[in-house]
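Below is one structure, written out as structure tokens; comments come after it.
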């Protein structure tokens, strides 16, 4: 039997899910964090139930993909209870959904979450009266602190089919139709129910969080704040983690301790040179795959996930949609697209899934294309920042400008080619909240675990591939075949081909390969910039490619990949020749 | 055509001609005959709606009052059809023509208030003022205006949401943007950011133009 968590977006369903099951699904402060259904097992008293977390919905009338998914789950027969998670301070919206859920005639409980925030705003809810009217148990919680979770669990076990004491509700038929008249009728009914259950006293005005919220969306203050955030990220992820952190791990931890230890042991005990090289050679699993994964990428993604977690939980990200709406309009999108794009800076694979929050098919295709093309993922971004911080801030800005220019041009062009409509910009903005250290550390930890699970095997696979190609003499052949592209067009050393080969598996692995080349002093500043632009624009990693197939279909995924591959080299070539031409004229841009 | 309708039609022609500075009695009479398919000009003079002086046509006081009322109804009906129901120009002309004759005084006043006491019809011709418009001048806050016209810091109560597409309306409603809801405006550029109850929503201007509100004075 299942327990299904349902509710409006950004009310804390995933926090409740985590509290019920003891597992962890990502929790953030913006609507649309959960795009997929999660399942887990939870113990309620002596019984065990399977718990299902669903994407947030505003109505059971299936308009959006999320609403369809949730409706499907609710129409299954083996539901022990529905737990509707509601935002206590936004009860009107929650009750509109409650009225629809009641019609399903499935045992349910109404959970008034975030009751602390409601209290702060002077909102008092008569839980007992509300419970009597709706004919269901109503339980208050503050899920992030665990307050009320035990009572909620008790209520879930006791849950009964609703027996509402509202005269007109029995033949209200809110489920069947969603025409204007029905919607109006429903909102009137909600108002009449809340009339004597809700008491709002004047809230204390001008809270600090509201002030912060407002200045982040006004261009005059919001744009400088955005720059400050970017600079802070550059310093923390680029300078600190990718510079000092990687240095420490690569040179001290791996260079002086781990690698010498393994090299020592292996040289001593393993006689077969093939096996030895396989482990600690140029393309050795330990010396290449493990070193890249743990010494170069790991410190960077840790820093990035920490920083990003703070941004996510503060409620800052959706506010960017207000500032960026007009820019996205030139690309046939609207400000809502900023969410998947910014999430893409974390992980393109996850972000491709998040494209689901967009309303039209055209928008989803455009965002998937731009994610594949122009958005570097965290690991890659960190490596790029690390390499460019060794050049100059100007080089970093140039790299950002090129990517933005390519993105806007491609977006503009593609929006004319891809058929379909743009949807209007309507975005809910969550309140600014103080990020909770506990959630950020759990989230970062969960993401790192996921990262290691997903990335390390591919790093190993890529290394094995390189090792095999090298042994079979194929590497030379491939390098020669691609020489016109890599050497002639991009002006890079032939060895850079390896970075692009492993870049097919993961772009961050490719970037790490370039990092190693540049550290070895094999790349000049133009080569660094060109190679970084190309590897950023390059084809998505394998995981992102598969998700793109799953979400958008094979044909679209192939077209996108082919387009991205060609444009990456084209832009890289133009950049290479342009910069060299300028240099010959005595102009050094970097 | 029944008699009342014919009379209203004829008087509105005289009003329109007066706007175009056409006063020639013969020309006006011909036009009326053509439009209502009957030569009722002499009848209108006999009934005391019009007067003829030296070949020029003139309204009597009662004639002018009736014509003003007819024109007002007609042009408000046009506005209603175009603004709220989004009926195309061509269709509008024929529909409004029928519509105006069945509007009672109370309904006309409500329509005028709902539309925010518009001053021009969709063709750009002036709409004669009514009693409600005079009252509205004193009570500015009762005017229904699009949300996009509010300044940051102002507040209003939603009167209606124009429907372009169903999913869009549905989305707005599920965010709490429903008639009767109180909203306040945080900022208007580059996007409109509003607060409805405890929900903050960012909207593009095109959507903000479709949400009609009554401005609330005082507290924001």
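The values are calculated or read from the model by the stated rules, or taken from the named source; none is laboratory data. All values reported here derive from a predicted model rather than from experimental measurement. Because the Cβ atoms are built from the backbone with ideal geometry, glycine has one as well, and the counts that use them run over all protein chains shown.
Worth a mention:
- Of the numbered criteria (1) within 14 Å of chain B (Cβ to nearest Cβ); (2) modelled with pLDDT under 90; (3) in a helix (DSSP H, G or I), the one residue A:423 fails is (3).
- Matching residues, the stretch B:192-212, being part of a loop (DSSP other than H, G, I, E, B), closer than 21 Å to residue A:325 by Cα and facing another protein chain (nearest Cβ under 7 Å): B:204
- Given (1) over 22 Å from residue A:201 (Cβ atoms); (2) over 34 Å from the mean Cα position of the chain (by Cα); (3) crowded, with 19+ Cβ neighbours inside 10 Å, number of the condition residue A:132 does not satisfy: (3)
- The condition of being over 28 Å from residue A:520 (Cα atoms) and at pLDDT below 90 holds for residue A:272.
- Only one entry in A:435, A:430 is touching a residue at least 24 places away in the same chain (Cβ under 8 Å), touching a strand residue (DSSP E or B) at 6+ places or on another chain (Cβ under 9 Å) and farther than 25 Å from residue A:503 by Cβ, namely A:430.
- Residues (surrounded by 18 or more Cβ atoms within 10 Å (Cβ to Cβ), under 20 Å from residue A:540 (Cα atoms) and within 20 Å of the chain's Cα centre (by Cα)) located in the stretch A:386-428: A:403, A:407
- Lone unmet requirement of (1) at positive phi; (2) modelled with pLDDT under 90 for residue A:590: (1)
- If you check A:58, A:8, A:2, A:29 for being at pLDDT 90 or above and closer than 29 Å to residue A:429 by Cβ, only one passes: A:8.
- Within the stretch A:220-239, tally of residues that are in contact (Cβ under 8 Å) with a residue 40 or more places away in the chain and loosely packed, with under 14 Cβ neighbours inside 10 Å: 2
- Residue match in the stretch A:111-122 (condition: away from chain B (no Cβ under 14 Å) and in contact (Cβ under 8 Å) with a residue 24 or more places away in the chain): yes
- Of residues in the stretch B:134-156 being at pLDDT 85 or above and loosely packed, with under 14 Cβ neighbours inside 10 Å, the one nearest to the other protein chains (Cβ to nearest Cβ): B:153
- The stretch A:64-106: number of residues that are within 12 Å of another protein chain (Cβ to nearest Cβ), in contact with a helix residue (DSSP H, G or I) (Cβ under 9 Å, 6 or more places away or on another chain) and free of Cβ contacts under 8 Å to residues at least 40 places away in the same chain: 1
- Taking the stretch A:371-399 as the range and being without any contact (Cβ under 8 Å) to a residue 40 or more places away in the chain and assigned to a loop (DSSP other than H, G, I, E, B) as the test, only A:375 passes.
- Residue that is farthest from the other protein chains (Cβ to nearest Cβ) [pool: residues in the stretch A:429-449 that are outside any helix (DSSP H, G or I) and surrounded by 18 or more Cβ atoms within 10 Å (Cβ to Cβ)]: A:435
- Among the candidates A:295, A:337, A:351, the residue that is touching a helix residue (DSSP H, G or I) at 6+ places or on another chain (Cβ under 8 Å) and within 21 Å of residue A:246 (Cα to Cα) is uniquely A:295.
- Here residue A:486 does not fit the description of being in contact with a helix residue (DSSP H, G or I) (Cβ under 8 Å, 6 or more places away or on another chain), surrounded by fewer than 20 Cβ atoms within 10 Å (Cβ to Cβ) and without any contact (Cβ under 8 Å) to a residue 24 or more places away in the chain.
- Residues located in the stretch A:135-165, provided they are more than 15 Å from residue A:49 (Cβ to Cβ), assigned to a loop (DSSP other than H, G, I, E, B) and touching a residue at least 40 places away in the same chain (Cβ under 8 Å): A:141, A:146, A:160, A:161, A:162, A:164
- For the stretch A:283-328, a residue qualifies if it is within 14 Å of chain B (Cβ to nearest Cβ) and part of a helix (DSSP H, G or I), and the qualifying residues are A:317, A:318, A:319, A:320, A:321, A:322, A:323, A:324, A:325, A:326, A:327, A:328.
- Residue among B:52, B:19, B:43 that is touching a residue at least 60 places away in the same chain (Cβ under 8 Å) and surrounded by fewer than 18 Cβ atoms within 10 Å (Cβ to Cβ): B:19
- Residues (more than 9 Å from every other protein chain (Cβ to nearest Cβ) and within 21 Å of residue A:222 (Cβ to Cβ)) located in the stretch B:166-191: B:184, B:185, B:188
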